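Q: First the structure, then my questions, so here it is.
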Amino acid sequence: MSLEKILVLDDEVIIRNVLGEILRRKHCTVSTASCLAEAENLVAHESFDLMFVDVRLPDGDGHQFLERVGLLPERPPVVIITGYGTIESAVACMRAGADDYLIKPFTPGQIEIVLK
């Protein structure tokens, strides 16, 4: 699977910028969103090869977005990113269809592993 278009959904500008830069260095096209409404608009008009989704967002829960993404005809892999990781949250996200679960702060090396 080719990972050319990636969505980063996180309300923290530093996370969006740093993750976006890591991904651009891997020659990926990156779209960013700071809230669920922005992400849903992007997903309605574009398809993505991979999504990084924060759990806590200003207008809802990334877990809800994960469930909606699961209904897409061609569902991309989703990596949950959170600063509030718990075993319960990780299990719930994985059961809802997450492909990976990273706790912030993550390293460029961790992103590299995810991309492979």
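The values are calculated or read from the model by the stated rules, or taken from the named source; none is laboratory data. Note that the structure is a prediction, hence the values are computed from the model and not measured. Side chains are part of the model used for accessible areas, which takes the heavy atoms of the whole protein and leaves out ligands, DNA and RNA. Shrake-Rupley method; radii C 1.70, N 1.55, O 1.52, S 1.80 Å.
Q: Tell me the carbon and sulfur percent of the accessible area for the chain, rounded to whole percent, probe radius 1.4 Å.
A: Roughly 53 percent of what the probe reaches on the chain is carbon or sulfur.
Q: Another question about this same structure. Quick one, can you get me the convex hull of the C-alpha atoms of segment 24-63 expressed as volume per residue in Å³?
A: Value for segment 24-63: 79 Å³ per residue.
Q: Roughly speaking, what % of Cα-Cα pairs in segment 1-56 are separated by over 20 Å, rounded to a whole number?
A: 16 percent
Q: Quick one: accessible area per residue over the chain, 1.4 Å probe, rounded to a whole number of Å²?
A: Ligands and nucleic acids excluded, the result is 55 Å² per residue.
Q: To the nearest 500 deg cm²/dmol, what mean residue ellipticity at 222 nm is calculated for the chain from DSSP H runs of n ≥ 4 alone, each contributing -39,500 (n - 2.57), summed and divided by the residues?
A: -12000 deg cm²/dmol
Q: Using amide H atoms built 1.01 Å from N in the peptide plane, name the residues 5+ places from Thr32, or on other chains, whose amide H lies under 5 Å from its own.
A: Counting only residues 5 or more places away or on other chains, the set is Val8.
Q: Pairwise over distinct Cα atoms, reciprocal of the mean inverse distance: report the Kirkwood radius of the chain in Å, one decimal place.
A: For the chain, the Kirkwood estimate is 13.9 Å.
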